[in-house]
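Participant: Dropping the structure in here first, questions after.
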Amino acid sequence: MNVKAPSVCVSVKTEHLPKHPKSKDNKYAFAYHITISNQYPESLQLLRRYWLITDGNGKKVEVNGEGVVGEQPIIVSGGNYQYSSGALLDTPVGTMEGHYEMRAENGDIVRAQIPLFTLAKPNSIN
């Protein structure tokens, strides 16, 4: 059974990484810090992630994969899970959005939306 998860909250903080080694390759490096809060009545295991990354030129890249940062964490009901990762863009501004696929203890598959967020080099947006 697929269930949308209004009871799973995903919050994001971002930062530009100007000294990242790839910045020398005319890339813009960003870190994003995710907090997943489980208000679902059961523990959830994060199985998969999907990202849609769009740069300032409209170039889109889709990323699908198992877990996050090499883990498939179990997030207890009422608990949080935090991790950090990164993205490289060809432009100083872009966006990311997506979803997590999680499995509840009862076997239900829960899809938690990751809201659209902006990646931006400081002073790039007026």
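Participant: Among the residues in the stretch 65-87, are any over 18 Å from residue 112 (Cβ atoms), assigned to a strand (DSSP E or B), of a type in the set (Asp, Glu) and at pLDDT 95 or above?
Facilitator: Checking the stretch 65-87: not a single residue is over 18 Å from residue 112 (Cβ atoms), assigned to a strand (DSSP E or B), of a type in the set (Asp, Glu) and at pLDDT 95 or above.
Participant: Considering only residues that are in contact with a Gly (Cβ under 9 Å, 6 or more places away or on another chain) and of a type outside the set (A, V, I, L, M, F, W, C), look in the stretch 109-123 and name the one that is most open to solvent (accessible area, probe 1.4 Å).
Facilitator: 113
Participant: With the requirement that a residue be open to solvent by less than 40 Å² (accessible area, probe 1.4 Å), in contact (Cβ under 8 Å) with a residue 40 or more places away in the chain and either under 15 Å from residue 92 (Cα atoms) or not β-branched (Val, Ile, Thr) (or both), what does the stretch 6-34 give you? Outline the logic, then answer.
Facilitator: First pass over the stretch 6-34, keeping only residues open to solvent by less than 40 Å² (accessible area, probe 1.4 Å): 7-8, 10, 16, 23, 29-32, 34.
From what is left, the residues that are in contact (Cβ under 8 Å) with a residue 40 or more places away in the chain are 8, 10, 16, 29-32, 34.
Matches in the stretch 6-34: 16, 29, 30, 31, 32.
Participant: Can I ask one more? Checking the condition loosely packed, with under 14 Cβ neighbours inside 10 Å and within 12 Å of the chain's Cα centre (by Cα), which residue from 106, 64 passes? So that I can check it myself, show each step before the final result.
Facilitator: Details: 106 fails: within 12 Å of the chain's Cα centre (by Cα).
After ruling out the rest, the residue left standing is 64.
Participant: Continuing with this model, one more query. Quick check on my filter: what residues within the stretch 68-103 are more than 15 Å from residue 10 (Cα to Cα), in contact with a strand residue (DSSP E or B) (Cβ under 8 Å, 6 or more places away or on another chain) and not β-branched (Val, Ile, Thr)?
Facilitator: If the condition is that a residue be more than 15 Å from residue 10 (Cα to Cα), in contact with a strand residue (DSSP E or B) (Cβ under 8 Å, 6 or more places away or on another chain) and not β-branched (Val, Ile, Thr), then 71, 72, 86, 87, 88, 89, 90, 92, 94, 103 are the ones that fit.
Participant: Whether any residue in the stretch 51-66 is closer than 14 Å to residue 104 by Cβ, touching a residue at least 40 places away in the same chain (Cβ under 8 Å) and not aliphatic (A, V, I, L, M) is what I want to check.
Facilitator: Within the stretch 51-66, none of the residues are closer than 14 Å to residue 104 by Cβ, touching a residue at least 40 places away in the same chain (Cβ under 8 Å) and not aliphatic (A, V, I, L, M).
Participant: If you don't mind, another one. Suppose we keep only residues that are of a type in the set (A, V, I, L, M, F, W, C) and touching a residue at least 40 places away in the same chain (Cβ under 8 Å) within the stretch 84-109. Which one would you say is farthest from residue 25 (Cα to Cα)?
Facilitator: Only one residue fits best here, namely 104.
Participant: Checking residue 40 against (1) hydroxyl-bearing (Ser, Thr, Tyr); (2) farther than 17 Å from residue 7 by Cβ; (3) open to solvent by less than 40 Å² (accessible area, probe 1.4 Å); (4) part of a loop (DSSP other than H, G, I, E, B), only one condition comes out false. Which one?
Facilitator: Result: residue 40 fails condition (2) only.
The values are calculated or read from the model by the stated rules, or taken from the named source; none is laboratory data. Note that this is a predicted model, so its numbers are computed, not measured. So basically every Cβ, Gly included, is an ideal-geometry build from the backbone, and we count neighbours across all protein chains shown. We work out accessible area using only protein heavy atoms, side chains counted, and drop any ligands, DNA or RNA first. Shrake-Rupley method; radii C 1.70, N 1.55, O 1.52, S 1.80 Å.
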